[in-house]
Every structure is written in C-alpha cells, then in structure tokens.
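Chemist: Pasting in a structure now, in structure tokens, and then I'll have a few things to ask.
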Amino acid sequence: DIILPAGSYVFSSDVVVPQNAVLRLEPGVNIALAPGVSFISYSPVEARGTEASPIKLRPANAAVPLGSFGILNNGAKKSVLEYVNIAGGSTDYINGVNLIGMVSIYYSDADISHSTFSESQSDDGVNFKYANMSVAYSLFKNNSADALDSDYNSGTVRDSVFTDNVNDGIDLSGSKVVIKNNRITGSGDK
C-alpha cells in the first residue's frame, strides 16, 4: 500500500500511482497541486476522511487550476472517496488518456459519499466512464460545465445537492443509473 498520512503535501509535477497497490489517503490530508499538475492512480484509492478531518485537494495557486484527479483501469477493485473536498481542477492528457473531468474515474468502480466537488474548470466536475458507481450525500457546486457526467455506467446517485453548475447537474449517456432524493438548482441544462 501507498499511504499518505495526515498533513500537507505540495506537488509540482504529475503524480502517477502504479498498478498493483492501494493508495490510502488518511483523514486530514491536504494536497496542493501546481498549475496543470494531475494526480492519477492506476490502483484503487481509499480516501476516507471524516467530517472533522476531510481530505482536500486544491490548486497551489488559487488563480490557476490544477489538472485532474484520476482513478483508472481498476475494474471491480472498488475505490472509496468519503469526506473528500476537491476544487479548482481542469483537464489533462496523460499516458494516452484524455481526462475530461476535474475528477476522472474510468473503468474503475467507485463509491463517493459526503464529498464536495466545486469550481471545476473542465467539461465535468466528476466524470465516470464504464464503471459501477455510487454517489451519495455529496455536493456539486459552481462547476464551469457539467457537475456529474456518467458515460456508460451503472449505479446510483442519491441524497446529493447540485447547485449553480453552468451546464448539466447530472448528465447520463448510455448509463443505467437510479437517481433519487437529489436537489438540482441553478443548472444551465439538465
């Protein structure tokens, strides 16, 4: 396992976690990424913050977005993002993969709960592709386009708030997703 204990971390170049490990981010981890820098994991991610000690990922320079936080190619090896707060990201192209979301979760099952995704300057705040996904008790706000984009996934989106996103609150393309008990306001589209 690769473990980041509580504390502050600043990365000035892309971070790529290899396959065949588990990336564990402990409560109280604060990550700052330089402009355009991405944090990508080819292994499952266990980011389990708490209400009192969330896990945060932000741009090192508030005026310039970071790249993308990505979880790639883990299949049924599930990732968990709980009490995670990610803001100020954009897109990136790494190892032949176009990461179009501030958070890009591709071919990797994942559960997200009690988390916040805001101020994305990309196509999507969170973009899932080809996964079994669960999103619950989370907040998507002030994203520059879609808040949550689901491409060819299955799963649920429930008990979450989508507010003041420029385009879609929830965008489903070829997905079979149950959507219930959400509040969507101030979206430019769906």
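The values are calculated or read from the model by the stated rules, or taken from the named source; none is laboratory data. All figures in this text were calculated on a predicted structure; none of them were measured in a lab. All Cβ positions, glycine included, derive from the backbone under ideal geometry; neighbour counts span all protein chains shown. We work out accessible area using only protein heavy atoms, side chains counted, and drop any ligands, DNA or RNA first. Shrake-Rupley method; radii C 1.70, N 1.55, O 1.52, S 1.80 Å.
Chemist: Among the candidates 181, 143, which residue alone is of a type outside the set (A, V, I, L, M, F, W, C), within 21 Å of residue 82 (Cα to Cα) and open to solvent by less than 60 Å² (accessible area, probe 1.4 Å)? Break it down into steps so the answer makes sense when it comes.
Modeler: Numbers: 181 fails: open to solvent by less than 60 Å² (accessible area, probe 1.4 Å).
Just a single option satisfies the conditions, and that option is 143.
Chemist: Which numbered condition in (1) under 24 Å from residue 139 (Cβ atoms); (2) open to solvent by 30 Å² or more (accessible area, probe 1.4 Å) is the only one that residue 77 fails?
Modeler: (1)
Chemist: Are any residues in region 47-89 under 16 Å from residue 148 (Cα atoms) and either more than 11 Å from the chain's Cα centre (by Cα) or free of Cβ contacts under 8 Å to residues at least 24 places away in the same chain (or both), and if so, which ones? Let's see the steps before the verdict.
Modeler: Restricting attention to region 47-89, the residues satisfying the condition of being under 16 Å from residue 148 (Cα atoms) are 68-71, 81, 84-89.
Scanning region 47-89 gives a single hit, 88.
Chemist: Could you say which residue among 92, 111 is closer than 16 Å to residue 144 by Cβ, among the charged types (D, E, K, R) and open to solvent by 20 Å² or more (accessible area, probe 1.4 Å)? Let's see the steps before the verdict.
Modeler: On the way: 111 fails: closer than 16 Å to residue 144 by Cβ.
Residue meeting the stated conditions: 92.
Chemist: Sticking with this one: Under 8 Å between Cβ atoms, which residue pairs at least 6 apart in sequence (or on different chains) link something in region 24-36 that is among the polar types (S, T, N, Q) with a partner that is open to solvent by 60 Å² or more (accessible area, probe 1.4 Å)?
Modeler: Going by the 8 Å Cβ cut-off, the qualifying pairs are 30/8; 30/56; 30/58.
Chemist: OK, next. Looking only at region 154-173, filter to residues that are of a type outside the set (D, E, K, R) and either out of contact with any Phe, Trp or Tyr (no Cβ under 9 Å at 6 or more places or on another chain) or on the phi > 0 side of the Ramachandran plot (or both); which one of those is least open to solvent (accessible area, probe 1.4 Å)? Even if it seems obvious, please write down each step before you answer.
Modeler: To start, the set of residues in region 154-173 that are of a type outside the set (D, E, K, R) comprises 154-157, 160-163, 165-167, 169-170, 172-173.
With either out of contact with any Phe, Trp or Tyr (no Cβ under 9 Å at 6 or more places or on another chain) or on the phi > 0 side of the Ramachandran plot (or both) added as a condition, the list becomes 154-157, 166-167, 172.
Values: 154: 49, 155: 18, 156: 44, 157: 1, 166: 95, 167: 58, 172: 69 Å².
Only one residue fits best here, namely 157.
Chemist: Identify, by number, the condition in (1) more than 17 Å from residue 71 (Cβ to Cβ); (2) at pLDDT 95 or above; (3) outside any strand (DSSP E or B) that residue 120 doesn't meet.
Modeler: (1)
Chemist: If you don't mind, there's one more thing I want to ask. Out of everything in region 16-25 that is open to solvent by less than 30 Å² (accessible area, probe 1.4 Å) and not in a loop (DSSP other than H, G, I, E, B), what residue ends up being nearest to residue 48 (Cα to Cα)?
Modeler: 25
Chemist: In region 2-36, which residues are on the phi > 0 side of the Ramachandran plot and either among the β-branched types (Val, Ile, Thr) or out of contact with any Ser or Thr (no Cβ under 9 Å at 6 or more places or on another chain) (or both)?
Modeler: First, pick out the residues of region 2-36 that are on the phi > 0 side of the Ramachandran plot: 7, 20, 28, 36.
7 - this is the single residue of region 2-36 that is on the phi > 0 side of the Ramachandran plot and either among the β-branched types (Val, Ile, Thr) or out of contact with any Ser or Thr (no Cβ under 9 Å at 6 or more places or on another chain) (or both).
Chemist: With respect to residue 176, is the statement that it is modelled with pLDDT under 95 and open to solvent by 50 Å² or more (accessible area, probe 1.4 Å) true? Walk me through how you get there before you give the answer.
Modeler: Values: modelled with pLDDT under 95: no; open to solvent by 50 Å² or more (accessible area, probe 1.4 Å): yes.
Answer is no for this residue.
Chemist: Return the residues of region 82-100 that are part of a strand (DSSP E or B) and either in contact with a Cys (Cβ under 6 Å, 6 or more places away or on another chain) or closer than 18 Å to residue 119 by Cα (or both); say none if nothing qualifies. Full working, then the answer.
Modeler: At the first step, the residues of region 82-100 found to be part of a strand (DSSP E or B) are 82, 84-87, 92-94, 97-99.
Matches in region 82-100: 84, 85, 86, 87, 92, 99.
Chemist: Sticking with this structure for a sec: Quick check, is residue 151 more than 27 Å from residue 52 (Cα to Cα), of a type in the set (Asp, Glu) and surrounded by 19 or more Cβ atoms within 10 Å (Cβ to Cβ)?
Modeler: Here the answer is no, as residue 151 does not meet what is asked.
Chemist: Check whether at least one residue in region 101-115 is out of contact with any Leu (no Cβ under 7 Å at 6 or more places or on another chain), small (Gly, Ala, Ser) and not in a strand (DSSP E or B), and report yes or no.
Modeler: Within region 101-115, none of the residues are out of contact with any Leu (no Cβ under 7 Å at 6 or more places or on another chain), small (Gly, Ala, Ser) and not in a strand (DSSP E or B).
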